Amino acid sequence: MAELIAIASQIRRDIVRMVHGASSGHPGGSLGCTDFFTALYFKVMKHDPSFNMDATNEDVFFLSNGHISPVFYSTLARSGYFEKKELATFRKINSRLQGHPATHEHLPGIRIASGSLGQGMSVAIGAALAKKLNGESNIVFSLHGDGELDEGQIWEAIMFAAHHKVDNLISTIDWNGQQIDGPTEKVMSLGNIRQKFDAFGWTTLEMNGNDMDMVIGTLEKAKSLVGQGKPIAIMMHTVMGKGVDFMENDHNWHGVAPNDEQLAKALAQLPETLGDY
Ligand SMILES: Cc1ncc(C[n+]2csc(CCOP(=O)(O)OP(=O)(O)O)c2C)c(N)n1
Ligand SMILES: [Mg+2]
């Protein structure tokens, strides 16, 4: 557990350094979801950093809220998909690390373009059904923002997955209560998301997404529910900007880069554990 918490601290450092280096990007959701990514890639998922696009015989993850690419890129680099020094190219011209992930850059670990919200669950369902057709027992994971649930396509996908018993899919919702323009309650009230997934026929779980013990325990519990006829959803409570006190719970950090002074303040709160890129 201590090892995972140490990895998460380094990933948080990478996130603020990358966004600062590019003078643009999305630190808020990235920092909030760091513990989830760490648990998934360093503990829960069976995956191979030598990377095959088809993900044959391995678990697979799709990031639907593609704007939180900094946490995804850092996690991929830190788990061996590509060299960590490439993180320095984030959002630079001709970089493989574009602001929103895209497949034509051929960055190992990226299997779909995302950033246009609402599409990732449909993709994950397709991949999960393909695994069933191929007789594979591996699991498909996906992540979605709570603001992303404003997209109608998500609800079509939720309905479809229950109807077609896509029970090898674990979709997590980053329930941070914030989105680009303000708190989700103000922009468009989501109500009780868990009850909505329940009503649509999914098995649901809930966790504090910034408590590593709980993240691991809940993801393992979700894995144990695979194959029981229902898709699985995890309601993940996170703090936007987690780990950097002046960014926490503030939607203004959804997509803004820290200046030099703010970067220094942020890094002072995040121990360097694996060496900066
Ligand atoms: C189809 C589509 N509509 C609008 C946007 C603009 N947009 C980017 S991020 C965002 C808010 C997303 O909120 P959430 O998923 O909660 O992300 P968080 O702010 O928590 O990181 C919006 C509306 C988009 N990227 N795609
Ligand atoms: Mg949100």
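The values are calculated or read from the model by the stated rules, or taken from the named source; none is laboratory data. Only a predicted model underlies this, so the values are computations on that prediction, with no experimental measurement involved. Using ideal geometry, Cβ is built from the backbone for each residue, glycine included, and neighbour counts are taken over all protein chains shown. Surface areas here come from the heavy atoms of the whole protein model, side chains and all, with no ligands, DNA or RNA. Shrake-Rupley method; radii C 1.70, N 1.55, O 1.52, S 1.80 Å.
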Tally, over region 212-236, of residues that are aliphatic (A, V, I, L, M), in contact with a Ser or Thr (Cβ under 6 Å, 6 or more places away or on another chain) and open to solvent by 20 Å² or more (accessible area, probe 1.4 Å)
1
Can you tell me which residue in region 12-29 is nearest to ligand 2 (Cβ to nearest atom), limited to those that are of a type outside the set (Lys, Arg) and within 18 Å of Pro271 (Cβ to Cβ)?
Pro27
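For region 200-243, name all the residues that are in contact with a helix residue (DSSP H, G or I) (Cβ under 8 Å, 6 or more places away or on another chain), in a loop (DSSP other than H, G, I, E, B) and over 24 Å from Leu4 (Cβ atoms).
Phe200, Gly201, Trp202, Lys230, Pro231
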Of the residues Phe197, Phe246, only one is free of Cβ contacts under 8 Å to residues at least 40 places away in the same chain, loosely packed, with under 15 Cβ neighbours inside 10 Å, part of a helix (DSSP H, G or I) and in contact with a helix residue (DSSP H, G or I) (Cβ under 9 Å, 6 or more places away or on another chain); which?
Phe246
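Output the residues belonging to region 109-118 that are open to solvent by 10 Å² or more (accessible area, probe 1.4 Å) and either in contact with a Gly (Cβ under 9 Å, 6 or more places away or on another chain) or not in a loop (DSSP other than H, G, I, E, B) (or both).
Ile112, Ala113, Ser114, Gly115, Ser116, Leu117
Which ones in region 83-95 are open to solvent by 20 Å² or more (accessible area, probe 1.4 Å), closer than 18 Å to Ile68 by Cα and either touching a strand residue (DSSP E or B) at 6+ places or on another chain (Cβ under 6 Å) or not acidic (Asp, Glu) (or both)?
Lys84, Ala88, Thr89, Arg91, Lys92 - these are the residues of region 83-95 that are open to solvent by 20 Å² or more (accessible area, probe 1.4 Å), closer than 18 Å to Ile68 by Cα and either touching a strand residue (DSSP E or B) at 6+ places or on another chain (Cβ under 6 Å) or not acidic (Asp, Glu) (or both).
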Please name all residue pairs, on different chains or six or more residues apart, with Cβ atoms under 7 Å, provided the first residue is in region 128-147 and is more than 16 Å from ligand 1 (Cβ to nearest atom) and the second residue is open to solvent by less than 40 Å² (accessible area, probe 1.4 Å) and in a helix (DSSP H, G or I).
Asn138/Lys131; Val140/Ala124; Val140/Ala127; Val140/Ala128; Val140/Lys131; Phe141/Leu40
Please go through region 157-180 and give me each residue that is in a loop (DSSP other than H, G, I, E, B), more than 9 Å from ligand 1 (Cβ to nearest atom) and open to solvent by less than 50 Å² (accessible area, probe 1.4 Å), ordered by number.
Val166, Asp167, Asn168
Let me spell it out: the conditions are (1) polar (S, T, N, Q); (2) over 24 Å from Asp146 (Cα atoms); (3) touching a Phe, Trp or Tyr at 6+ places or on another chain (Cβ under 9 Å), and Asn57 meets all of them except one. Which number is the exception?
(3)
Is it the case that Trp202 is within 16 Å of ligand 2 (Cβ to nearest atom) and among the aromatic types (Phe, Trp, Tyr)?
no
Residues located in region 236-255, provided they are within 13 Å of ligand 1 (Cβ to nearest atom) and of a type in the set (A, V, I, L, M)
Met236, Val239, Met240, Met247
Lone qualifier among Phe61, Phe72, Phe36 - being open to solvent by less than 50 Å² (accessible area, probe 1.4 Å) and outside any helix (DSSP H, G or I):
Phe61
